[in-house]
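Here's the structure we're looking at; comments come further down.
All of the numbers you see were taken from the coordinates with simple rules; none came from a lab. Since we're looking at a predicted model, the values are computed, not measured. Here Cβ is always computed from backbone atoms with ideal geometry, including for glycine, and neighbour counts include all displayed protein chains.
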């Protein structure tokens, strides 16, 4: 399940918002099918100012960033289906987008989701594994039909 929140001040066409909600929900479902469980994820689309504040408060980095992932599975007593929260800065996504804003948002969502699933990119092997999973999730998100494990 995906809960999408869009902060005040974030301008995003309704069609892009619907597509993002649908395809990120498919990524979450594909990940859940792979792991044999249900997952809940929240996705918040925000501004550079808001993500900078979160980055400063939680990571001690006083700068805007593109995506933050807050894994709930690491919290004591957290329900096993509550995977976590993703926060994406639309401002940074717009600046970073090499093709379309949607493509950048999908990439950032898959990146954050992989962090929630326990992936990291601290070394080359971790980077390769995470990149492969991100690609599989995005492929499944954009495919039509019943969601398959990815």
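Taking label positions 7 Å along the Cα-Cβ direction at both residue 78 and residue 6, the computed distance is 2.7 nm, reported to one decimal. Note on the stretch 1-89: Cα Rg divided by 2.2 N^0.38 Å, N the number of residues, gives 1.16. Across every pair of non-identical alpha carbons in the stretch 4-150, the mean reciprocal distance, once inverted, gives a Kirkwood radius of 15.6 Å.
Taking the square roots of 5 times each eigenvalue of the Cα gyration tensor of the stretch 76-115, largest first, gives ellipsoid semi-axes of 27, 9, 6 Å. Just 106, 129, 69 to compare: in a GNM of the chain, with alpha carbon springs under 10 Å, which one fluctuates most? Most flexible of the set in this elastic network: 129. Indicate the gyration tensor shape class of the stretch 83-150 (rounded, prolate or oblate), computed on the Cα atoms with a ≥ b ≥ c the square roots of the eigenvalues: a/c under 1.5 is rounded; otherwise a/b larger than b/c is prolate and the rest oblate. Since a/c reaches 1.5 but b/c is at least a/b, the shape of the stretch 83-150 is classed as oblate. Rg/Rh, computed from the Cα trace of the stretch 33-85 with Rh as the Kirkwood radius, has the value 1.07.
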